[in-house]
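**Student:** Dropping the structure in here first, questions after.
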Amino acid sequence: MTKFEVTGMTCAACQSHVERAVQKVPGVTSVAVSLLTNSMQVEGDIDTEAVIRAVDEAGYGASLSGGMSAKSRGAASENGGASAGSGATANGKGQKNGGKRGDSLKDRETPKLIKRLIASLAFLLPLMYVSMGHMMWDWPVPAFLSESHVNVGLYEMLLTILVMLINRKFFISGFRGLIHRAPNMDTLVALGSGAAFVYSTVVLFMLAYSVETGNMTAAHTYIHDLYFESSAMILTLITVGKTLEAYSKGRTTDALKGLMDLAPETAVVVRDGQELTVPVEEVEKGDVFVVRPGENIPVDGIVLSGTGAVNEAALTGESLPVDKAPGSRVSSATLNQSGFLTCKATEVGEDTTLSKIIQMVSDASATKAPIAKIADRVAAVFVPTVMGIALVTFLAWLIIGPMTGVANMEVIGYAMARGISVLVISCPCALGLATPVAIMVGNGKAAKNGILFKTAASLEETGRADIVVLDKTGTITEGRPRVTDVVPARESVEYTLLRTAVALESKSEHPLAAAVCEYAAQRNIRSEDTENFKALPGNGLSAIRNGKKILGGNAAFVGRYAAISEEMKAVATRLSEEGKTPMFFAEDGKLTGIIAVSDTIKETSREAVLELKKMGILTVMLTGDNKRTAAAISREAGTDTVVAGVLPDGKARVVNELMKAGNRVLMVGDGINDAPALTSADVGVAIGAGADVAIDAADVVLMKSDLLDVSAAIRLSRRVIRNIRENLFWAFIYNCIGIPLAMGALIPLGITLNPMFGAAAMSLSSFCVVTNALRLNLIRVHDTRRDKANKKQASLEALEIFNQKQGEEEMKRTVIIEGMMCMHCEKHVKNALEALGLTVESISHEANNAVIIGDAPADAVQDAVEEAGYVFKGIE
């Protein structure tokens with residue numbers, strides 16, 4: 001995808017025309033132009049010069065983002081500078097010569113428009129004083145005006161010409177669009193204001209002729225047919241609207257500017273043993289830098305020495321500081337609240353996490369949401385249609401006028417006023433801004449809360465999800481096992497049990513062993529020296545400590561050397577049903593107790609699932625675990641259903657089955673082993689991305705590993721969609737009401753729209769749309785009070801069918817067994833296997849095997865076969 005900056009666009013019609021022009025360039029597969037950011041994203045095998053040439057020939061300017069092209073028209077000056085928000089680039093080494101961070105987002109347009117507005121008002125006010133104050137209310141004026149109608153006309157014309165010169169941009173852009181057969185909003189303004197000026201000039205000549213010939217009655221009539229003040233007022237009021245719009249548009253990028261301003265401009269690096277303060281752009285990978293308390297971290301890095309507490313709210317939205325120690329990763333723009341840190345730079349410039357976030361938000365804001373398509377289709381034909389309506393209105397009133405007995409000149413003026421009103425009240429800008437301003441503000445708000453939408457489409461689709469599929473490990477659960485229960489045997493105590501456990505587990509590399517050692521360390525229980533340590537795969541551990549044999553492992557293994565009471569067996573069964581893994585420990589032939597380990601659910605997972613349910617969203621948990629463990633975790637988390645025993649490709653099949661049933665599916669995973677499912681879903685959400693914000697498989701990236709951010713993303717998306725609908729409704733209803741009113745539809749009721757009021761209404765329409773979008777900044781993404789359930793009820797019927805098929809296709813395994821001599825042996829082994837809950841499809845003493853169906857672990861199958869008195873040789 002190639003990004004361009006586009007200059008010279010003023011409304012949705014311009015945006016549509018640029019898109020159509022670029023779409024015709026060979027090799028272009030898709031193009032998205034943003035009026036808000038004055039940018040364009042083009043996909044395909046393209047010749048950039050051909051794209052720039054196409055934009056140039058369409059009457060606008062274009063350049064590759066980051067540098068002006070020789071082919072660019074340089075229309076930026078005509079357009080009052082780049083729009084606030086245009087061409088947002090990630091800060092990095094490319095800024096060495098570019099001044100302060102955030103320059104690309106600086107609002108250059110509003111100051112220019114304010115100057116233009118002040119200059120316009122300086123000439124409009126004396127014009128209005130004479131044309132309205134003196135002519136209507138007899139306000140005092142100098143004698144050379146009060147005694148001469150011609151002087152009044154000339155005075156008004158000269159001041160109007162000055163206002164037109166100040167606002168010449170409307171005429172340059174408007175007529176250039178007309179020449180290129182791509183009329184825009186400026187065309188409507190230029191035609192409306194220009195028509196009033198030309199008509200008034202003609203009337204002024206007729207006024208002068210009447211005075212010259214002594215026809216003062218006609219002269220008195222003509223002086224009231226001058227519309228110079230309307231011409232100047234139209235231009236000034238549109239400039240008022242443009243100024244308000246530009247200011248509001250500048251506010252839409254406040255969140256992005258805030259992010260860009262977070263990173264410090266300097267860094268303290270250590271070179272040749274000396275601390276040097278250098279511009280952050282000069283920091284290179286591998287440089288060692290130091291961060292003192294109260295300072296922001298300049299680039300991404302890894303802590304070499306020192307400890308501290310770092311506030312990462314700028315990136316994740318999490319206000320609680322995170323402890324950092326040697327080996328911990330730190331990110332640019334985060335605040336070191338305490339401690340002195342020495343770090344090594346790992347990512348600098350455009351590769352820092354902050355820069356990636358800024359680029360992602362900027363790119364997403366330049367893309368288009370599907371909901372904007374209807375506005376684009378209307379905008380493409382809007383201006384020509386309005387020009388046609390204005391012409392028809394003018395001609396219609398020329399015909400209707402004489403029927404009312406009005407004098408011919410008055411009819412022309414009245415008909416012209418109606419046509420001008422149609423031109424100046426019509427506003428395609430509101431249509432063009434309805435979607436992008438809401439997307440920009442929504443994206444900025446999301447980024448401040450650690451939620452990154454990659455495209456406008458993903459922002460829109462997230463709020464429409466009716467089923468959320470959650471991967472278990474790392475999403476619902478912590479992703480690492482922890483000790484949950486310590487149950488000493490009747491003749492033992494917890495301390496003795498933990499001493500035995502840590503003495504064994506400290507020598508093991510198994511993930512469960514690390515959990516036991518961590519638990520013991522928290523209680524200041526240290527490992528003791530042992531001899532003859534052995535790890536028996538599928539069984540457990542054994543060693544000699546102080547001359548006594550200590551054991552740890554499953555019930556079958558430990559039970560061979562120590563008696564396990566029915567009470568302890570019942571405890572183990574209960575723990576297993578809760579999704580935990582019970583580990584038995586014994587010393588010198590006596591059971592010391594059970595330690596249960598489990599991948600515990602996160603503190604916020606159950607609350608997040610409840611929030612999703614309140615929104616009317618069904619939740620599905622996916623896991624590769626066995627059904628018993630999966631069911632226990634699902635119950636604890638509160639998900640509607642669970643699919644267990646699925647591999648990564650199986651997760652994608654589950655998502656596809658749900659989507660085939662007509663559901664909108666949002667898949668949440670860690671973005672690595674869940675990539676197939678994330679890609680398959682309507683929206684893929686990668687949770688706990690941390691520094692890896694550019695996960696390709698995901699449409700939405702959550703910086704924190706907090707499931708509450710999933711409901712927050714959906715909540716924000718829904719509010720953005722609603723805001724866009726409000727904007728589109730206002731844009732459409734404004735034109736649907738305003739244009740007929742300007743045409744004179746309510747004149748029979750005595751209601752007439754003056755062109756000046758039409759211009760005022762037009763100037764405020766875009767401002768209202770942008771201001772409405774800015775309300776999104778007030779959203780509290782974790783506030784559940786306004787949550788409403790989906791009207792559409794999702795269906796899990798497809799999942800029930802999938803589970804049924806999965807049950808039918810459960811893995812068949814062949815157990816190799818030696819020692820069976822007859823059918824009685826077969827029956828004995830079969831009974832032992834069925835006691836494990838397995839289905840024995842076939843068993844043969846001649847083939848020395850048994851075909852089983854079920855999910856019992858291999859070590860349990862081995863124990864059952866050996867306890868039955870036969871030789872277990874393996875499972876195929």
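**Student:** If I filter the stretch 558-577 down to residues being in a helix (DSSP H, G or I) and free of Cβ contacts under 8 Å to residues at least 24 places away in the same chain, which single residue comes out as farthest from the chain's Cα centre (by Cα)?
**Tutor:** Narrowing the stretch 558-577 to residues in a helix (DSSP H, G or I): 558-559, 566-577.
From what's left, free of Cβ contacts under 8 Å to residues at least 24 places away in the same chain: 566, 569-570, 572-574.
Working: Glu566: 55, Lys569: 51, Ala570: 50, Ala572: 46, Thr573: 45, Arg574: 43 Å.
Across the stretch 558-577, the extreme among qualifying residues is Glu566.
**Student:** Scan the stretch 645-657 and report the pairs whose first residue is over 18 Å from Ala794 (Cβ atoms) and part of a loop (DSSP other than H, G, I, E, B) and whose second residue is open to solvent by 60 Å² or more (accessible area, probe 1.4 Å) and basic (Lys, Arg), with Cβ atoms within less than 8 Å and a gap of 6+ or a chain change.
**Tutor:** These pairs meet every condition: Gly645/Lys627; Val646/Arg653.
**Student:** On to the next question. Are any residues in the stretch 5-30 over 19 Å from Met185 (Cα atoms), in contact with a Gly (Cβ under 9 Å, 6 or more places away or on another chain) and buried (at least 23 other Cβ atoms within 10 Å of the Cβ), and if so, which ones?
**Tutor:** Residue satisfying the conditions is Glu5 alone.
**Student:** Further, regarding this structure: Got at least one residue in the stretch 693-708 being crowded, with 16+ Cβ neighbours inside 10 Å, without any contact (Cβ under 8 Å) to a residue 40 or more places away in the chain and within 26 Å of the chain's Cα centre (by Cα)? Even if it seems obvious, please write down each step before you answer.
**Tutor:** Pass one, the stretch 693-708, residues crowded, with 16+ Cβ neighbours inside 10 Å: 693-695, 697-708.
Restricting the remaining residues to those that are without any contact (Cβ under 8 Å) to a residue 40 or more places away in the chain gives 695, 697.
Of the ones still in play, those that are also within 26 Å of the chain's Cα centre (by Cα) are 695, 697.
Yes, the conditions are met somewhere in the stretch 693-708.
**Student:** Select from the stretch 170-192 the residues that are in contact (Cβ under 8 Å) with a residue 60 or more places away in the chain and open to solvent by 30 Å² or more (accessible area, probe 1.4 Å) and list them in ascending order. Quick ask: steps written out before the conclusion?
**Tutor:** At the first step, the residues of the stretch 170-192 found to be in contact (Cβ under 8 Å) with a residue 60 or more places away in the chain are 170, 172-173, 176-177, 179-180, 182-189, 191-192.
Listed by number, the residues that qualify are Ile172, Arg176, Ile179, His180, Leu191.
**Student:** With the requirement that a residue be modelled with pLDDT of 90 or more and touching a Ser or Thr at 6+ places or on another chain (Cβ under 6 Å), what does the stretch 26-58 give you?
**Tutor:** Val42, Ile52
**Student:** Here's another thing I want to ask about it. When residues of the stretch 509-529 are filtered for being farther than 21 Å from Ile601 by Cα and open to solvent by 30 Å² or more (accessible area, probe 1.4 Å), how many remain?
**Tutor:** Counting residues in the stretch 509-529 that are farther than 21 Å from Ile601 by Cα and open to solvent by 30 Å² or more (accessible area, probe 1.4 Å) gives 8.
**Student:** Now for a separate question. If you go through the stretch 806-848 one residue at a time, how many are modelled with pLDDT under 80 and open to solvent by less than 40 Å² (accessible area, probe 1.4 Å)?
**Tutor:** Looking only at that region, the number is 2.
**Student:** Does the stretch 204-231 hold any residues that are charged (D, E, K, R) and crowded, with 17+ Cβ neighbours inside 10 Å, and which are they?
**Tutor:** At the first step, the residues of the stretch 204-231 found to be charged (D, E, K, R) are 212, 225, 229.
Scanning the stretch 204-231 gives Asp225, Glu229.
**Student:** Among what's in the stretch 232-244 and is open to solvent by less than 10 Å² (accessible area, probe 1.4 Å) and of a type outside the set (S, T, N, Q), pick the residue that is modelled with the lowest pLDDT. Show your work before the answer.
**Tutor:** Taking the stretch 232-244 and keeping what is open to solvent by less than 10 Å² (accessible area, probe 1.4 Å), we get 232, 234-236, 238-239, 241.
When the remaining residues are screened for being of a type outside the set (S, T, N, Q), the result is 232, 234-235, 238, 241.
Details: Ala232: 89, Ile234: 84, Leu235: 89, Ile238: 82, Gly241: 76.
For the stretch 232-244, the residue satisfying everything is Gly241.
**Student:** Sort out which residues of the stretch 767-794 are under 19 Å from Ile714 (Cβ atoms) and hydroxyl-bearing (Ser, Thr, Tyr), and write them in order of number.
**Tutor:** Correct list: Thr784 only.
**Student:** Count, please, the residues in the stretch 578-600 that happen to be open to solvent by 30 Å² or more (accessible area, probe 1.4 Å) and either part of a strand (DSSP E or B) or within 12 Å of Asn554 (Cα to Cα) (or both).
**Tutor:** Of the residues in that region, 3 qualify.
**Student:** Yes or no: the stretch 775-791 includes at least one residue that is surrounded by fewer than 20 Cβ atoms within 10 Å (Cβ to Cβ), small (Gly, Ala, Ser), modelled with pLDDT of 75 or more and over 30 Å from Gly419 (Cβ atoms).
**Tutor:** Pass one, the stretch 775-791, residues surrounded by fewer than 20 Cβ atoms within 10 Å (Cβ to Cβ): 775, 777-778, 780, 782-791.
If we keep only those that are small (Gly, Ala, Ser) as well, we get 789.
In the following step, the residues that additionally are modelled with pLDDT of 75 or more were identified as 789.
Okay, now just the ones that are also over 30 Å from Gly419 (Cβ atoms), so 789.
The answer is yes; a qualifying residue exists.
**Student:** So which residues in the stretch 323-380 are open to solvent by 20 Å² or more (accessible area, probe 1.4 Å), under 17 Å from Glu19 (Cβ atoms) and of a type outside the set (Val, Ile, Thr)?
**Tutor:** Lys368, Pro370, Lys373, Asp376, Arg377, Ala380
**Student:** Anything in the stretch 813-829 that is among the aliphatic types (A, V, I, L, M) and more than 16 Å from Gln862 (Cα to Cα)? List them, or say none. I'd like the intermediate steps shown before the answer.
**Tutor:** Here is the first cut: in the stretch 813-829, the residues among the aliphatic types (A, V, I, L, M) are 815-817, 820-821, 823, 829.
Hits for the stretch 813-829 are Met821, Met823.
**Student:** Looking at the stretch 537-555, is at least one residue out of contact with any Asp or Glu (no Cβ under 8 Å at 6 or more places or on another chain) and in a helix (DSSP H, G or I)?
**Tutor:** yes
**Student:** Search the stretch 347-388 for residues being within 19 Å of Leu262 (Cβ to Cβ) and assigned to a loop (DSSP other than H, G, I, E, B), and hand back the single one that is modelled with the lowest pLDDT.
**Tutor:** Filtering the stretch 347-388 for residues that are within 19 Å of Leu262 (Cβ to Cβ) and assigned to a loop (DSSP other than H, G, I, E, B), the one modelled with the lowest pLDDT comes out as Thr352.
**Student:** Has the stretch 480-489 got any residue that is touching a residue at least 40 places away in the same chain (Cβ under 8 Å) and open to solvent by less than 10 Å² (accessible area, probe 1.4 Å)?
**Tutor:** First, the residues of the stretch 480-489 that are touching a residue at least 40 places away in the same chain (Cβ under 8 Å): 480-489.
Among the residues that remain, those that are also open to solvent by less than 10 Å² (accessible area, probe 1.4 Å) are: 489.
Yes, because at least one residue in the stretch 480-489 is touching a residue at least 40 places away in the same chain (Cβ under 8 Å) and open to solvent by less than 10 Å² (accessible area, probe 1.4 Å).
**Student:** Still on this structure: Quickly run through the stretch 245-286 and pick out the residues that are of a type in the set (D, E, K, R), touching a Ser or Thr at 6+ places or on another chain (Cβ under 8 Å) and either modelled with pLDDT of 85 or more or open to solvent by 30 Å² or more (accessible area, probe 1.4 Å) (or both).
**Tutor:** Of the residues in the stretch 245-286, the ones of a type in the set (D, E, K, R) are 245, 249, 251, 254, 257, 261, 265, 271-272, 275, 281-282, 284-285.
Restricting the remaining residues to those that are touching a Ser or Thr at 6+ places or on another chain (Cβ under 8 Å) gives 245, 249, 285.
Scanning the stretch 245-286 gives a single hit, Lys285.
**Student:** Return a yes/no flag: does the stretch 300-308 have any residue that is modelled with pLDDT of 85 or more, in contact with a helix residue (DSSP H, G or I) (Cβ under 7 Å, 6 or more places away or on another chain), surrounded by 18 or more Cβ atoms within 10 Å (Cβ to Cβ) and not polar (S, T, N, Q). Steps first, please.
**Tutor:** Of all residues in the stretch 300-308, those modelled with pLDDT of 85 or more come to 300-308.
Adding the requirement that they be in contact with a helix residue (DSSP H, G or I) (Cβ under 7 Å, 6 or more places away or on another chain) leaves 300.
Filter once more, keeping what is surrounded by 18 or more Cβ atoms within 10 Å (Cβ to Cβ): 300.
Keeping just the survivors that are not polar (S, T, N, Q) gives 300.
Yes.
**Student:** Does Arg715 meet the test of being modelled with pLDDT of 90 or more, open to solvent by 50 Å² or more (accessible area, probe 1.4 Å) and at negative phi?
**Tutor:** For Arg715, the condition - modelled with pLDDT of 90 or more, open to solvent by 50 Å² or more (accessible area, probe 1.4 Å) and at negative phi - is not met.
**Student:** Among the residues of the stretch 219-236, which ones are within 60 Å of the chain's Cα centre (by Cα) and in a helix (DSSP H, G or I)? Break it down stepwise before answering.
**Tutor:** Just the residues of the stretch 219-236 that are within 60 Å of the chain's Cα centre (by Cα), to begin with: 222-236.
Residues satisfying the conditions are Tyr222, Ile223, Phe228, Glu229, Ser230, Ser231, Ala232, Met233, Ile234, Leu235, Thr236.
**Student:** Report, ordered by the first and then the second residue, all pairs with beta carbons closer than 7 Å, sequence separation of six or more or different chains, a first member in the stretch 508-529 that is part of a loop (DSSP other than H, G, I, E, B), and a second member that is hydroxyl-bearing (Ser, Thr, Tyr) and buried (at least 17 other Cβ atoms within 10 Å of the Cβ).
**Tutor:** Sorted first by the residue in the stretch 508-529, then by its partner, the pairs are Ser527/Ser506.
**Student:** Let me spell it out: the conditions are (1) farther than 30 Å from Leu836 by Cα; (2) modelled with pLDDT under 90, and Leu707 meets all of them except one. Which number is the exception?
**Tutor:** (2)
**Student:** May I ask you to list the residues in the stretch 381-392 that are under 28 Å from Arg722 (Cβ atoms) and open to solvent by less than 40 Å² (accessible area, probe 1.4 Å)? Show your work before the answer.
**Tutor:** Initial filter on the stretch 381-392 (under 28 Å from Arg722 (Cβ atoms)): 381-382.
Selection gives Phe382 alone.
The values are calculated or read from the model by the stated rules, or taken from the named source; none is laboratory data. Since the structure is predicted, the reported quantities are computational estimates derived from the model, not experimental observations. Counting neighbours? That spans all protein chains shown, and the Cβs are built from the backbone with ideal geometry, glycine included. The accessibility values were calculated without ligands, DNA or RNA, using every heavy atom of the protein model including side chains. Shrake-Rupley method; radii C 1.70, N 1.55, O 1.52, S 1.80 Å.
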